[in-house]
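Colleague: Okay, here's the structure, questions in a sec.
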Amino acid sequence: FETIGSVKVGDVEIRFIVGDITKLDVDAIVNAANSYLQHGGGVAGAISRAGGPEIQKESDEYVRKNGPVPPGGVAVTGAGNLKAKYIIHTVGPIGDKEGNDEIMKKAFENIFSKADELAINSVAIPFVGTGIFGYPLENFIKVCVDETLKFFSNYKGPIKLVVFCDIDSSKVRKLLHSFENSS
Ligand code: AR6
């Protein structure tokens, strides 16, 4: 994988990486899941395969106990064999329906709050919703930049590094440019 840039928001480094998110040495990896945490395709499939059966097993237990994860919500499991300690599963919006930006905002708030609550130093986040779910990339980028600046501008806490990572380099480049033009 390749780091293509980084910016500072308050005391936190925001790093932009092109490559396979499962290979990153971070405390938590965010997964772009569905509400039933059935990790078949996309980045969810990659995380589930790379981490081994434990991730799907813990996900099934989570849903059995708590019910499905609503869009914009999060659920935490272990990370199986991966270097990370946790997987923070979130469910993105589907398509470009009205209200979907609110769901995406909630997802970012919940991801950042959960990482803070877990008292971890680093978290890697993929382009949630923008693959199989078809949420527009432009909307993802706008909400991502807004919510990251909002959460971390005056943040004092354990999180020191936020990585945005995708195998699609054009997505990562667009997000980096948007951060460079707003922070
Ligand atoms: N590392 C980094 N990014 C990746 C990787 C990887 N190994 N694999 C794919 N991507 P998607 P969604 C990027 O479809 O739209 C699953 O079936 C990919 O380039 O994974 O939220 C779930 O179980 C894209 O930009 O997530 C759900 O049912 C990004 O990951 C559904 O898909 C997100 O695409 C969720 O769909």
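Colleague: With a sphere of radius 10 Å drawn around the Cβ of Gly157, what net charge do the other residues whose Cβ falls strictly inside it have (Lys, Arg +1; Asp, Glu -1)?
Modeller: -1
Colleague: Once Rh is set to the Kirkwood radius over Cα pairs, what Stokes-Einstein translational diffusion coefficient, in µm²/s, holds for region 126-183 at a temperature of 10 °C and a viscosity of 1.306 mPa s?
Modeller: My calculation gives 129 µm²/s for D.
Colleague: Using only the Cα atoms of the chain, build the gyration tensor, take square roots of its eigenvalues as a ≥ b ≥ c, and label the shape rounded, prolate or oblate: rounded if a/c is under 1.5, else prolate if a/b is larger than b/c, else oblate.
Modeller: Rounded, since a/c falls under 1.5.
Colleague: Please report, in debye to the nearest 20, how large the charge dipole of the chain is about its Cα centre when each Lys and Arg carries +1 at its beta carbon and each Asp and Glu carries -1 there.
Modeller: In debye, rounded to 20, the chain gives about 180.
Colleague: A further question follows. Could you give the angle, 0 to 90 degrees to the nearest 10, between helix 100-117's Cα long axis and the longest principal axis of the Cα atoms of the chain?
Modeller: Once rounded, one gets 80 degrees.
Colleague: Give me Asp116, Asp27 ranked fewest to most by other Cβ atoms within 10 Å of their Cβ, as a rough exposure proxy.
Modeller: The most exposed by this proxy come first: Asp116, Asp27.
Colleague: Continuing with this model, one more query. May I ask for the angle, rounded to the nearest 10°, between helix 169-180 and the longest principal axis of the chain, with both axes built from Cα atoms and the value confined to 0 to 90°?
Modeller: In the chain, helix 169-180 runs at an angle near 50 degrees to the longest axis.
Colleague: Name the shape class, rounded, prolate or oblate, that the alpha-carbon gyration tensor gives for region 75-154, where a ≥ b ≥ c are the square roots of its eigenvalues, rounded holds for a/c under 1.5, and otherwise prolate holds if a/b is larger than b/c and oblate otherwise.
Modeller: Cα axes put region 75-154 in the oblate bin.
Colleague: Considering the options Val172, Asn154, Val143, tell which one lies farthest towards the positive end of the dipole of region 139-183, charges being +1 on Lys and Arg and -1 on Asp and Glu at the Cβ, about the Cα centre.
Modeller: The residue sitting farthest along the positive end of the dipole is Asn154.
All of the numbers you see were taken from the coordinates with simple rules; none came from a lab. Computed from a predicted model, the values in this text were never measured in an experiment. In this analysis, Cβ positions are derived from the backbone assuming ideal geometry, glycine residues included, and neighbour counts consider all displayed protein chains.
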